[in-house]
Amino acid sequence: MPADPSNPAPPAPAILRVAILGSTGSIGTQALDTIGHLNALNAQGRHPTRYEVVALCAHESASKLAQQSGVHPGAALGLCNPAADQSGLSPALLTRGQDAPVRLVEDTRPDLVIGAIVGIAGLSSTLRAAQLGINIALANKESLVAGGKIVTDALFQSGAKIYPVDSEHAGLWQCLLSLEGPQYAPPSAPPESIRRVTLTASGGPFRGRSLAEVQDATVEQALNHPTWTMGKKVSIDSATLMNKALELVEAHWLFGLSADQLDAVIHPQSTVHAIVETVDGSVLAHMGPTDMRCPIQHALTHPHRATSQTRPLDLTAIGSLDFQPVDPLRFPAINMAQEVIKAGSSSGAVLNAANEAAVEAFLKKQIAFGTITAIVQNTLERFDHCPADSLESVLGIHAQARAIATELINSNTAATP
Ligand code: MG
C-alpha cells in the first residue's frame, strides 16, 4: 500500500531512543557526530527531537567504545569479539560475544536501530529489529543483499521500516517521498509511478583505466577513493564496482524493483546519487554533498528536516556533471548483480560472501586486484543454489560460499579473469 500523500507527516517525537550497532566504525562515528549536532540544535530550540543513545556496540575497539560511553554514560555496551580487551568498560553495562548486537536490541528496545556493522555480521541484528517492529537506519547492505527475503518478510509482517543510510538509497528514497507522500518508507511494493531507477557510481580510483592496467593495482591505490572517505571494505568494493552491484540488489529488496528497472551509470563527481524516471517521462534526481552525515541525518530526522552541519553543495564549484555508461567487461560486477536479482534464492548471499572473501584476500595481498570479481563470478557458477528463507540457511550459504571462494583463492585457479 502506498502512503497516502494527503496525510501529513506525524509530529516529530520529543525523544528518540537510538541503538548504534557498529558504533566505532566509519558510519557509527559519523552517526554519533550527527546525533551530537542534532542534540545541540535541540538544546537551542532549533530541532524538536532529542536523541538518547541507549546502546553502543563495537566489534573489538574497546578504547573507542569507552570514549563513546563517556559521552553517553547511560548506554548499554556491546563487544562482539569475545577475545577483545574490555578494559575501561563498565562490566555492569557490557554485553560480550557475537550475539551482543541482537541482545542489545532485545534488551534496550530502541525506537531506531542504526545498523552500521560491516559485513554479514550485521544480518542477525537487522533481522531481530525487523521482527520486533523497530525501524532501522540501515547502512549494512549485506543484510539485504544476503538476507533480503527474510528481512523484508519480517518488516512487512511487523510494519517496521528501513530508513536507508547508503547515500544512493537515501537519495532514491527522497525522490520517492516526493512521489509517494511524507509517510513513505521502504520496504515497499514497486511504486506504480516508476519506470526505471539509475544509481550512480563514481567509478572509483581506477575509472578510465583498462582491466590490464589495474590487474596488479596495490591495496594503497585501491583504497584511494576520489570522492568519498569510507571504510576499507567499501573502498575496495567501489574500485571494483561491486559496491554498486550490492547496491542494485539492495535497491531491489528495498523498493521492489526488478532487474530491468535497475541500472547503474558512472558519474565521477558523485554529486547525483540516484535518478528516478517516472512512467510519464519525467526524471527526478537526488543531489547532495559527498558527506555521509547527510543521509545519516535524514534517517534520524525523517519525516522532518533539520539544519545540517555539512558544507553546502556548490554546483558552480563543481562546474559540470558527467555521466558515462558502465563498461561490462571492465566492471563485470554490474551484470552479476542483474543476474543475482533475476535468480533470487541463495545467489545474493553467495555474491556477498564470495566478495567478502576475495576482498579480504586482496587486502592481505594474497590475490591481485583484477582477480576479485573473477573469484566472485566463479563462486556464483560453482554454487549449488538453494532457498535462503531462514537466518540459519542464509548463514549456512554464506559459510559454504566463503569456503568455495577460499578454495579458489588458495588454488589461484581464478587468477586469470
Ligand atoms: Mg553507497
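The values are calculated or read from the model by the stated rules, or taken from the named source; none is laboratory data. No experiment lies behind these values; they were computed from the predicted model shown. Reconstructed Cβ throughout: ideal geometry from the backbone, glycine too, with neighbour counts over all protein chains shown. Heads up: the accessible areas ignore ligands, DNA and RNA and are worked out on the full protein's heavy atoms, side chains in. Shrake-Rupley method; radii C 1.70, N 1.55, O 1.52, S 1.80 Å.
Tabulated results
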item: For the chain: rounded, prolate or oblate by the Cα gyration tensor [a/c cutoff 1.5]; result: rounded
item: Candidates 143, 270, 308, ranked by Gaussian network fluctuation over the chain, Cα under 10 Å, top entry; result: 308
item: Accessible area in square angstrom per residue, the stretch 232-337, 1.4 angstrom probe; result: 40 Å²
item: The chain - percent relative contact order, Cα under 8 Å, separation 6 or more; result: 15 percent
item: Residues in the stretch 43-84 that a label on residue 33 would reach, taking backbone N under 20 Å of a point 7 Å out along Cα→Cβ; result: 51-53, 56-59, 61-72
item: Label-point gap, in nm, between residue 90 and residue 307 - each point 7 angstrom along Cα→Cβ; result: 3.3 nm
item: Mean Cα-pair separation over length for the stretch 1-134, i.e. relative contact order, pairs under 8 Å, 6 or more apart, %; result: 26 percent
item: Computed [θ] at 222 nm, deg cm²/dmol, the chain (DSSP H ≥ 4; -39,500 (n - 2.57); rounded to nearest 500); result: -13500 deg cm²/dmol
item: Cα gyration tensor, the stretch 15-160 - rounded (a/c under 1.5), prolate or oblate; result: oblate
item: Under 11 Å, Cβ to Cβ, from residue 408 - net charge with Lys/Arg +1 and Asp/Glu -1; result: 0
item: Probe 1.4 Å, protein heavy atoms only - accessible area per residue of the stretch 15-160 in square angstrom; result: 38 Å²
item: Percent of beta bridges antiparallel (DSSP, the chain, rounded to nearest 5); result: 25 percent
item: Set of aspartates and glutamates with alpha-carbon distance to residue 365 below 13 Å, sequence-local pairs under 8 removed; result: 216, 220
item: Around residue 275: net Lys/Arg minus Asp/Glu count, Cβ-Cβ under 12 Å; result: -1
item: Accessible carbon and sulfur surface of the stretch 15-160 relative to its total accessible area, %, 1.4 Å; result: 49 percent
item: Mean projected area in nm² (Cα convex hull; one quarter of hull surface) for the stretch 236-341; result: 8.4 nm²
item: Set of lysines with alpha-carbon distance to residue 149 below 21 Å, sequence-local pairs under 8 removed; result: 141, 161, 244, 342
item: Area accessible to solvent at residue 54, 1.4 Å probe radius, in Å²; result: 10 Å²
item: Highest to lowest packing among 82-88, 293-299, 201-207, scored as the average C-beta count within 10 Å; result: 293-299, 201-207, 82-88
item: Theoretical FRET efficiency, 1/(1+(r/R0)^6), r = Cβ-Cβ of residue 50 and residue 287, R0 35 Å, to 0.05; result: 0.70
item: Heavy atoms of residue 407: accessible area, 1.4 Å probe, square angstrom to 10; result: 120 Å²
